[in-house]
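Notes follow once the structure below has been shown.
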Amino acid sequence: MLILDKSQIEAFLAIVNYGTITKAAEKLFITQPALGKRISTLEKEIGFKLIRRQRGVRNIELTDKGREFINIANQYETLSADTERLKFKTIKKTLRILASDGPHSFTLHEMYKTFAQKNKSISLKINTTTYKDCYRQVQEKKADIAFPGINLYFKDVLSVPFYDEKMYFVCRKDSHYANIVDPRKLDVADCIYTPYSTEYATWFNYWFQDHQRAFIETHFITQAEDFLCSFHNKIWTIAPASIVSKIIKNPLLRTIELTDNPPLRTIYLVKRIDHNSEEINNFIAYATEYFHEDSDIHLRL
């Protein structure tokens, strides 16, 4: 098997590029005899002459095979450089995560950052989609794990409760709502409604008959704060603790107790039953530890 030496290829290409042995040796910081020895060894290894040696002729002349060998030498040098880069390259593994915009933006966002900083060999691919599509993409192996707000049944897919969080009534500080509000006193036409979960939708429709009559219905939880501040002071919404802890920093907003609180919002961990990669296990273990001390999040794992 023919094994070429990098320094010999480097010597040959230097002679080709600089035209003389003297100049080539100078650029490689070696002596002319050392350069000549590298070329002779290379010729012996490949079995044919590359350079015509002539006394008294300063510029070198390549043989016919020497000229053809230039392309091979360039390819070898490129291959050698690529191999060297690969030796020190960190091969990242990918973890594909799906959720609705709420968990991504309010609950998991900071955790994603710290996980990425501590696990540089794992590349996170984060996308937002519907609850049902979370299950479908995990089933079809287009995603590794997902965090939807409802429990659905898909073949070969495992769904377990990941965490619960309390739901809060949020309104404007300049509203006239009492410190404890009876849902029967609320007008659904003043509501910013978001279908957080099946349980929440059931509770909401029990008290308000039909969420279709809400002032605004949005699936984009990040819009809630702006909507609350943009209209009249009777506007209200109900949101999970992870969201309320952020938007309540707005000096225009406040939370109020309800006489009948909505059910806890549950976020589920979804993955394929037959898929247990090291990346998934590391992420779940990290998430569990991360939320262990969070007073707004009640872990279920």
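The residues of the chain expose, per residue, 57 Å² of accessible area to a 1.4 Å probe. If both residues of a DSSP beta bridge must be in segment 152-301, then about 75% of such bridges are antiparallel.
Angle of helix 278-290 to the longest C-alpha principal axis of the chain, folded into 0 to 90 degrees and rounded to 10: 40°. Normalising the average separation of contacting C-alpha pairs (under 8 angstrom, six or more residues apart) by the number of residues puts the relative contact order of the chain at 20 percent.
Normalised by 2.2 N^0.38 Å, where N is the number of residues, the alpha-carbon radius of gyration of the chain equals 1.76.
At what distance in nm do the modelled label points of Asn59 and Lys155 sit from each other, each positioned 7 Å from its Cα along Cα→Cβ? Going by the 7 Å Cα→Cβ label model, 7.5 nm.
How about Lys27: which lysines have a C-alpha closer than 20 Å to its C-alpha, ignoring those fewer than 8 places off in the same chain? Output for Lys27: Lys6, Lys37. With angles folded into 0 to 90 degrees, how steeply does helix 198-208 sit against the dominant principal axis of the chain? Use alpha carbons for both and round to 10. The angle comes out at about 30 degrees. Of all aspartates and glutamates in the structure, those lying under 19 Å Cα to Cα from Lys141, and not within fewer than 8 positions of it along the same chain, are Asp133, Asp156, Asp274, Glu278, Glu279. Computed from Cα atoms, the angle from the helix 109-118 axis to the main principal axis of the chain rounds to 30 degrees. Based on alpha carbons, the Rg and Dmax found for segment 62-154 are 23.1, 75 Å. Per residue, the convex hull around the alpha carbon atoms of segment 169-301 comes to 131 Å³.
For segment 1-130, dividing the convex hull volume of the Cα atoms by the residue count gives 176 Å³ per residue.
Segment 138-206 and segment 52-118 have Cα centres lying 47 Å from one another.
Eight or more residues apart or on different chains, and alpha-carbon atoms under 30 Å: count the Lys pairs in segment 153-241 matching that.
Details: Lys166/Lys185; Lys166/Lys234; Lys173/Lys185; Lys173/Lys234; Lys185/Lys234.
Taking segment 153-241 as the scope, the lysine pair count is 5.
In segment 146-223 the Cα-Cα distances spread across 5 Å bins starting at 0 as 3, 11, 20, 22, 18, 12, 7, 4, 2, 1, 0 percent of all pairs. The residues packed around Gly149, meaning those with a beta-carbon under 13 Å from its beta-carbon, carry a net charge of -3 if Lys and Arg are +1 and Asp and Glu are -1. Dividing the mean sequence gap of close Cα pairs (under 8 Å, 6+ apart) by how many residues segment 147-301 holds gives a relative contact order of 46 percent. Of all beta bridges that DSSP places with both ends in the chain, some 60 percent have antiparallel geometry.
List the chymotrypsin sites (Phe, Trp or Tyr not before Pro) within segment 118-198 that fall in a DSSP loop (any state other than H, G, I, E or B) and whose Cβ has at most 15 other Cβ atoms within 10 Å.
Numbers: sites: Tyr131, Tyr135, Tyr153, Phe154, Phe162, Tyr163, Tyr168, Phe169, Tyr177, Tyr193, Tyr196; in loops: Tyr153, Phe154, Tyr177, Tyr196.
Listed in order of number, the matching sites are Tyr153.
The values are calculated or read from the model by the stated rules, or taken from the named source; none is laboratory data. Please read all numbers here as calculations on a predicted model, not as lab measurements. As a convention, Cβ positions derive from the backbone with ideal geometry for all residues, glycine included, and neighbour counts pool all protein chains shown. Note: accessible area is taken over every heavy atom of the protein model, side chains too, but ligands, DNA and RNA are not part of it. Shrake-Rupley method; radii C 1.70, N 1.55, O 1.52, S 1.80 Å.
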